[in-house]
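Report on one structure; see the data block that follows.
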Amino acid sequence: MTDNIHQSIEKLTGSEAKSLLFTMMYRLNNIRELKDRKEEMMEELYFLYDEVLRELQNHKPWERNYTTVHIVCGESPAGSLKFGLDHENKVIGFPDMFAEGPIWELHNETGRRYRYEWLLEHLNIEMDYLEEEYVNKMMRTLEEIRAIPEQMPIVLWTAENAHEQTGLRYLIYLLKEKKNPLFLINSTVAYQELFNTDEYQYFYHHTGEVEPGKLNQIYQMKKSSPLTWEERNRFAEEWTILSKSKEVLRKWIKQQIEAVSEDYYDQLIIDAARKWHRKKGKMEFMKAARLIGEVLGQMEGNVSDAFLEYRVRSLIYNRIFEIKGIPKTMRHYSVRLN
């Protein structure tokens, strides 16, 4: 059995393997943190294992005849949808983080180049991802969206966060010339309506936080009428307005996407460092990765660790922090407040 699994995994592309690994690790982390739901989440993990094993034993595990295309922002939620939905559903995960970085004119080549150069100059993403994979992934995904057959239903997934809400408007703009029926599912709202009880209340800000089996139930029970052309045009127009700004950080506030200054989370970073110093002493350095992890734990995943690491470096340049080590990656240096 082990040899067969190894041979099957060798057939996966790099992006498929990463998506699978991320999904597995995300589920394991949830089991560790959400102890009151451990049994339920273990069942989800077993389900995911069985689905993956069955897929890997096919000769062409990702090639099927599809009747519906699903598009979601992010590779992690795409992985969850792939393993949760039935086989006739094709899933496209848009490989970007729309809450951060410029989105100016992103629907054309000039804007995509502008965004890429900003990311390259500001975010310290490991393993040369930006140089080696980012552009190719973006172009493949855009081509995959353009190649969706006419009349095939398209389901767009979103949730209550700036990343997916911004991405939703971008995707609807890209699809504005297509005649395909577009369906919209908000995983945050749908989960609350279907699964919250008087005893247990959960608010999942991101589609990727929802278990694959639950996503399938949401799809089966919450796919309603397609968006009207008036609704599609409204979302596309909202994207047109958003894409005129060169701001690099966005939040979802009161059902609106709002641009905020790039130092919006700086005080949260400083407060986390102060809390560390109260425990460990003023002279103690704190690993940058540990500091960023502390901040992320308070933010419900609004931005990436790479963006927060960029802000830590900015605070170093502004002499708020003192540094020890070389900032190659967040694991290579430590900081303390001056």
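The values are calculated or read from the model by the stated rules, or taken from the named source; none is laboratory data. Fair warning: this is a prediction, and the values are worked out from it, not measured in the lab. Neighbour counts run over all protein chains shown; Cβ positions are idealised from the backbone, glycine included.
In a residue-by-residue description of the range 164-176, the property of being buried (at least 18 other Cβ atoms within 10 Å of the Cβ) and either under 28 Å from Arg331 (Cα atoms) or at pLDDT below 95 (or both) applies to no position. The set of residues in the range 185-225 that are within 24 Å of Val303 (Cβ to Cβ) and β-branched (Val, Ile, Thr) comprises Ile185, Thr188, Val189, Thr207, Val210. Restricting the range 246-262 to residues that are charged (D, E, K, R) and touching a Phe, Trp or Tyr at 6+ places or on another chain (Cβ under 9 Å), which is surrounded by the most Cβ atoms within 10 Å (Cβ to Cβ)? Here the answer is Arg250.
Checked against the criterion of being among the aliphatic types (A, V, I, L, M) and out of contact with any helix residue (DSSP H, G or I) (no Cβ under 9 Å at 6 or more places or on another chain), the candidates Ile172, Ile125, Ile103, Ile148 yield just one match: Ile148.
Okay, residues lined up against (1) modelled with pLDDT of 90 or more; (2) outside the structural domain of Met138 (by TED's automatic domain parsing); (3) touching a Phe, Trp or Tyr at 6+ places or on another chain (Cβ under 7 Å):
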{"position": "Glu44", "(1), (2), (3)": "no, yes, no"}
{"position": "Asp50", "(1), (2), (3)": "no, yes, no"}
{"position": "Arg54", "(1), (2), (3)": "no, yes, no"}
{"position": "Asn58", "(1), (2), (3)": "no, yes, no"}
{"position": "Thr68", "(1), (2), (3)": "yes, no, no"}
{"position": "Glu75", "(1), (2), (3)": "no, no, yes"}
{"position": "Ala78", "(1), (2), (3)": "yes, no, no"}
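The C-beta contact set for the range 80-100 (first residue closer than 15 Å to Ala162 by Cβ and outside the structural domain of Phe307 (by TED's automatic domain parsing), second residue part of a loop (DSSP other than H, G, I, E, B) and at pLDDT below 95, distance under 6 angstrom, 6+ apart or interchain) comprises Met97/Ser304; Ala99/Val303; Glu100/Val303. Taking Arg336 and the conditions (1) touching a Ser or Thr at 6+ places or on another chain (Cβ under 9 Å); (2) in a strand (DSSP E or B), which numbered condition does it fall short on, given that it satisfies the others? Every condition holds for Arg336 apart from (1). Here Ile326 meets the list (1) touching a residue at least 60 places away in the same chain (Cβ under 8 Å); (2) more than 23 Å from the chain's Cα centre (by Cα) almost entirely, failing just condition (1). Among residues of the range 307-329 being out of contact with any strand residue (DSSP E or B) (no Cβ under 8 Å at 6 or more places or on another chain) and not in a helix (DSSP H, G or I), the one that is surrounded by the most Cβ atoms within 10 Å (Cβ to Cβ) is Thr329. For Leu119, state whether it is part of a helix (DSSP H, G or I), assigned by TED's automatic domain parsing to the domain that holds Gly213 and modelled with pLDDT of 90 or more. Yes; evaluated as a whole, the condition is true for this residue. Taking the criterion of being part of a loop (DSSP other than H, G, I, E, B), surrounded by fewer than 12 Cβ atoms within 10 Å (Cβ to Cβ) and free of Cβ contacts under 8 Å to residues at least 60 places away in the same chain, would at least one residue in the range 126-142 satisfy it? No, there is no match, as no residue in the range 126-142 is part of a loop (DSSP other than H, G, I, E, B), surrounded by fewer than 12 Cβ atoms within 10 Å (Cβ to Cβ) and free of Cβ contacts under 8 Å to residues at least 60 places away in the same chain.
Apart from one condition, Glu33 fits all of (1) touching a Gly at 6+ places or on another chain (Cβ under 9 Å); (2) of a type outside the set (S, T, N, Q); (3) over 16 Å from Leu215 (Cβ atoms); (4) modelled with pLDDT under 65; the exception is (1).
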